[in-house]
Structure formats: C-alpha cells, structure tokens
Amino acid sequence: MPNQKLIIISGSPCVGKTTAADLLFQSYENSAFLDGDWCWCVNPFSISDPRLRNSDKSMSFVLSNYLNSGFDYVVFSSVVAMYESIRESILKGITADNFETVGFTLTCSEETLASRHKSRGDKNEVSYHWLRLPPYPGDNVINTDGKTPEQVAGEMKMIIDAADMTVAKSPMQ
C-alpha cells in the first residue's frame, strides 16, 4: 500500500489555492510544498508563450524529487492542474513509485472571486475562465465562499486523514 500522498490543489486564480495549500503543508510533519507558479515565473508572462508547457517538466521534476526524498505528504497547488491533459502530463513525468494522489478543486462564486482579485490589488481584469471549467475527474470539490483559508485547509485535511484511516482499517490482501 502506498504511504506517500501527492496532494494536488487546483482552481482559479484568487480562489485560495496557495494560502490553503501552505496551511495544509504546515499541518503535516514530513511534508513538502510546491506552488506551480514558482515553476514558470517569467516576465512578460503570456498564456500563449509556446515555452509555457516546459513548466510541466519542472513541476514533474520537483514533485519527483520530493517524493523520491521520502516526504510523506507532498502538497502541490497549480491553476494548470485543472486541465486533464496537463495534469496527466505532469503525473506521467514523475519518476517516483508507489504514492497515492489526492486531488482537490477549489471553487467560489464570481462575486467572491472578483472581491479577492480586487483585494490583491491586481489591476488586470478578473477572468472567470478557470472558475467555469469543470473540476478534474475524481477531485474533491470544495467551495471556498464564506470560508477562511484555515477552514478550507481543515476540510482538505479531514478528507485526506479519513482516507488514511480507511486504508489503515482495510484487511490485508
């Protein structure tokens, strides 16, 4: 049975991924955290840059290093992990074996997204594109409306810990 968990948190920009992921990471001993934005922080940033998919390789590499280093929990947040083809490409590039993936898609209302976008001081127009995408198949969906980042991280932790308890109670095969 796999002991390591790769926890993938996706959702629209400003939905609360990074903050909740950081809190979740801090709640587990022997854990590591990768914000996918760190893997493609370039100026100028453009979604149409043909080099952008190179960041998927960087994400796979860092996640592989964390898993191969023996961390029990690897928390990974990324907007692009919402796209099935991109998430599958990242997962396929991971060289570690015998780990379990637990996925989360965070969502909120358009009003909440606009408010969070404004509170960040972002002068760009808010985009609802990612908010309207369907969640990744099999992800646990958490609506962040009216919740603190601590509450969102707590919900994720309860789901992860409940899955751990189910595995622990399963009869040996």
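Bear in mind these aren't lab numbers, they're just calculated from the coordinates by the rules spelled out. Since the structure is predicted, the reported quantities are computational estimates derived from the model, not experimental observations. Don't worry about glycine lacking a Cβ; one is built from the backbone with ideal geometry, like all the others, and counts go over all protein chains shown.
Modelled spin labels at Ser85 and Lys123, positioned 7 Å past Cα toward Cβ, are 3.5 nm from each other. The trypsin sites (Lys or Arg not before Pro) found in the range 1-88 that occupy coil by DSSP, while having at most 11 further C-beta atoms within 10 Å, are Arg51. Taking other C-beta atoms within 10 angstrom as a stand-in for reagent exposure, Ser55, Ser69, Ser115, Ser27 fall in the order Ser69, Ser115, Ser27, Ser55, fewest first.
Value of Rg to Rh for the range 1-117, rounded to two decimals, is 0.97; Kirkwood radius and Rg both from alpha-carbon coordinates.
Counting only Cβ charges, +1 for Lys and Arg and -1 for Asp and Glu, the dipole size of the chain around its Cα centre is about 300 debye. The long axis of helix 110-119 is offset from the longest Cα principal axis of the chain by roughly 80 degrees. Computed from the C-beta positions of Arg132 and Gln26 and an R0 of 25 Å, the FRET efficiency is 0.20 to the nearest 0.05. As a rough footprinting exposure proxy, the listed residues Cys41, Cys108 were ranked by other beta carbons within 10 Å of their own, and the order from fewest upward is Cys41, Cys108.
What the Cα atoms of the range 60-173 give is an Rg and a Dmax of 16.6, 56 Å.
Is any residue of the range 92-133 close enough, with backbone N under 19 Å, to a label point placed 7 angstrom from the Cα of Asn3 along the Cα-Cβ axis, and if so, which? Backbone N within reach: 96-102.
Take every Cα pair under 8 Å whose residues are at least 6 apart in sequence, average their separation, divide by the length of the range 60-173, and the relative contact order is 27 percent. Report, as a whole number in µm² per second, the diffusion coefficient that Stokes-Einstein gives for the range 1-47 at 25 °C and 0.890 mPa s using the Kirkwood radius over alpha carbon pairs. Once the numbers are plugged in, D ends up at 195 µm²/s.
Rounded to the nearest 5, the antiparallel percentage of DSSP beta bridges internal to the chain is 0%. Converting the Cα gyration tensor eigenvalues of the range 49-104 into ellipsoid dimensions via √(5λ) gives semi-axes, longest first, of 19, 13, 9 Å. If you line up the long axis of helix 54-68 against the longest principal axis of the chain, both from Cα atoms, how many degrees apart are they, to the nearest 10? It is inclined by approximately 30 degrees. Computed extension length for Lys157-Asp145: 2.5 nm, one decimal, from 0.36 nm per residue of separation with the Cα-Cα distance subtracted. By the count of neighbouring beta-carbon atoms within 10 Å, fewest first, Thr105, Thr18, Thr148 end up ordered Thr148, Thr18, Thr105.
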